[in-house]
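Enquirer: Can you read through this structure? Questions will come right after.
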Amino acid sequence: MYKMIAVEEGLANVIQALNNAGFKTTPLEEHRLQNVQAVVVKGDGTDILAPEWPVKLPIVNASGRTAAEIVDVLRDRLS
């Protein structure tokens, strides 16, 4: 079964790498978080995840990481 990953807007290279690695991706939006196993954020100081969102998922900060490193982190956390 595939893993669905929510990815913040602006991370096209991460989306491509995740899709190539067999993950499914969806835009990071509050109403879609029930069906995802992890979240990838840009980590640029903006807080896309509002404090009231009931997120109990692995959240990966993409800042300073390559797309391949993010794929490796998600494989590790979701295995």
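Enquirer: Restricting attention to region 48-65, which residues are in a loop (DSSP other than H, G, I, E, B) and at pLDDT 90 or above? Working first, answer last.
Expert: Quick first cut of region 48-65, residues in a loop (DSSP other than H, G, I, E, B) only: 48-58, 62-65.
A62, S63, G64, R65, listed by residue number.
Enquirer: Restricting the first residue to region 31-60 and requiring it to be loosely packed, with under 12 Cβ neighbours inside 10 Å and among the polar types (S, T, N, Q), which pairs with a second residue that is at pLDDT 75 or above and part of a strand (DSSP E or B) meet a Cβ separation below 7 Å and a spacing of at least six or different chains?
Expert: N35/M4
Enquirer: With the condition kept exactly as written, say whether any residue in region 2-13 is at pLDDT below 85 and not in a helix (DSSP H, G or I). Break it down stepwise before answering.
Expert: First, the residues of region 2-13 that are at pLDDT below 85: 2.
Of the ones still in play, those that are also not in a helix (DSSP H, G or I) are 2.
Scanning region 2-13, I find at least one residue that is at pLDDT below 85 and not in a helix (DSSP H, G or I), so the answer is yes.
Enquirer: Evaluate the following for A68: is it surrounded by 11 or more Cβ atoms within 10 Å (Cβ to Cβ), modelled with pLDDT of 95 or more and of a type in the set (G, A, S)?
Expert: yes
The values are calculated or read from the model by the stated rules, or taken from the named source; none is laboratory data. Remember, predicted model here, so these are calculated numbers, not experimental data. All Cβ positions, glycine included, derive from the backbone under ideal geometry; neighbour counts span all protein chains shown.
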